[in-house]
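The values are calculated or read from the model by the stated rules, or taken from the named source; none is laboratory data. These numbers were taken from a predicted model, which means no experiment stands behind them. Positions of Cβ are generated from backbone atoms using ideal geometry, with glycine treated the same way; all protein chains shown enter the neighbour counts.
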Amino acid sequence: MSVASAFGFGSDKKVRYAFVGLGDITQEAMLPGVAHTGNSTIAAFVSSDPEKLRALCDKYDVDGGYSYDQFDALLASGTIDAIYVATPNWRHAEFVIPALEAGIHVLVEKPLEISLEKSLEILAAEKASAAKLMVAYRLHFEPATLDTIARIQKGELGQTIAFTSTFAQMLDPKNHRAKNGVLAGPLFDMGPYPINAARYCFDSEPTEVVSAVATRHPEAGFGDLDDTVAVTLRFPGERLAQFTVSYFANTIDGFFVVGTKGSIQMNPAFMFGMGLEQHVVIGDERRHVPHKATDQFGGELRYFSDCILNDRAPEPDGEEGFADVRVIAGILKCLETGQPQKLEPFRRHRQIDPDTQKETLGLKKPPELVGASNPARGKE
């Protein structure tokens, strides 16, 4: 019996989701995308904030409101098929593992977890479960990103040699990301984007953290937090990837990937709510390729629900999440010791498919947030 049949799904059925963690990313981006999907519905909310819980249940006409302490009751309720987890990074395994053990599908925000040990526990639960696990790499379904990957796979850039990225935002010191040290800092929060991009641009896994440097700017107002981190990674074939992430610089998100025959600049490259853009150079030919804004969150949710309904394995699975945590762990060790860190050999068993993973849903205006705020300075 297929997973779809086991859950009683037919062609007109929708996957019933519980949303665990009701911060800005859930409210601003994911919840508005649910109605876009056509195959997903909101069945429950889980939060540690009872006022926020009541307000969002009323707003979305949802009967199922649960505290974190009631999560086991939710899993046993029979009212949900899947969960979306957007809790703080260090609370992912806490919800992901019990859900998988209960046969509930899981879409979890990146990073997968904060350590290799926790990530491996999740992978073990994924392997033992009939339920599916997907890590929320929304850009794996975004047209500009997939076009870049397709060009590289077709050899348009020749042999890719170098990758460089900067991803920065002016974080509000009052935001929770500024109050939980490295675990919510720019390395865990923003680092997965350039790390993941370097990995898909090179279609391989880094072998060494060559260098990692972190700095603090007292005027940022963050206290005990490294607000800017710069990293160099070595990939097979003597290829290098460099990136900088920062909570104390003017907003920018872009990367260059450079090969022996050409290059592509993505700018913007990582954000949502806007169209991403490519600047493509092949030999002496230069092209600017803008792409329409898409609902990246609704797109990834529709893809995951389609995988559930049709019993297909999602591409950005637990192993993809582990691949980035593996690199972050090496960066942390490099920051701690001041020495380069060799990474244990690792091979990814899946590849992004640009032809089948595009989800070009139109963009909707974000709603007013309840008990949450935009992380940027001066924005509510």
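Table: residues versus (1) farther than 20 Å from I331 by Cβ; (2) outside the structural domain of V289 (by TED's automatic domain parsing); (3) crowded, with 17+ Cβ neighbours inside 10 Å.
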| position | (1), (2), (3) |
| --- | --- |
| F202 | no, no, yes |
| G221 | yes, no, no |
| D224 | no, no, no |
| A249 | no, no, yes |
| I264 | yes, no, yes |
Exercise for review: Run G237 past the list (1) in contact with a strand residue (DSSP E or B) (Cβ under 8 Å, 6 or more places away or on another chain); (2) part of a loop (DSSP other than H, G, I, E, B); (3) not hydrophobic (A, V, I, L, M, F, W, C) and report the number of the one that doesn't hold.
Suggested key: (1)
Exercise for review: Return a yes/no flag: does the stretch 1-16 have any residue that is touching a helix residue (DSSP H, G or I) at 6+ places or on another chain (Cβ under 9 Å), buried (at least 22 other Cβ atoms within 10 Å of the Cβ), modelled with pLDDT of 95 or more and not aliphatic (A, V, I, L, M).
Suggested key: no
Practice item. Would you check which residues across the stretch 191-211 are within 12 Å of R239 (Cα to Cα) and not in a strand (DSSP E or B) and list them? Key: A198, R199, C201, F202, D203, S204, E205, P206, T207
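Using the structure shown, decide if A212 is assigned by TED's automatic domain parsing to the domain that holds L332 and in contact with a Cys (Cβ under 8 Å, 6 or more places away or on another chain). Show your work before the answer.
On the way: assigned by TED's automatic domain parsing to the domain that holds L332: yes; in contact with a Cys (Cβ under 8 Å, 6 or more places away or on another chain): yes.
So A212 passes the test.
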Exercise for review: Determine whether the stretch 157-176 contains at least one residue that is more than 20 Å from the chain's Cα centre (by Cα), among the polar types (S, T, N, Q), surrounded by 22 or more Cβ atoms within 10 Å (Cβ to Cβ) and assigned by TED's automatic domain parsing to the domain that holds H279.
Suggested key: yes
Study note, to complete from the structure: The number of residues in the stretch 229-245 that are out of contact with any Leu (no Cβ under 9 Å at 6 or more places or on another chain), touching a residue at least 60 places away in the same chain (Cβ under 8 Å) and within 27 Å of K179 (Cα to Cα) is 1
Exercise for review: May I ask you to say which residue of I308, I264 is modelled with pLDDT of 95 or more, of a type in the set (V, I, T) and closer than 22 Å to D147 by Cα?
Suggested key: I264
Revision key, fill the gap. Within the stretch 252-295, restricting to residues that are under 22 Å from D203 (Cβ atoms) and of a type in the set (S, T, N, Q), the one that is farthest from the chain's Cα centre (by Cα) is T260
Exercise for review: Output the helices (runs of 4 or more DSSP H) that fall wholly within the stretch 38-155 and possess 3 or more residues being buried (at least 16 other Cβ atoms within 10 Å of the Cβ) and assigned by TED's automatic domain parsing to the domain that holds Y193, or say none.
Suggested key: 143-153
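Taking the stated definitions as given, is R16 part of a strand (DSSP E or B) and among the charged types (D, E, K, R)? Spell out how you get there, then give the answer.
On the way: part of a strand (DSSP E or B): yes; among the charged types (D, E, K, R): yes.
For R16, the condition - part of a strand (DSSP E or B) and among the charged types (D, E, K, R) - is met.
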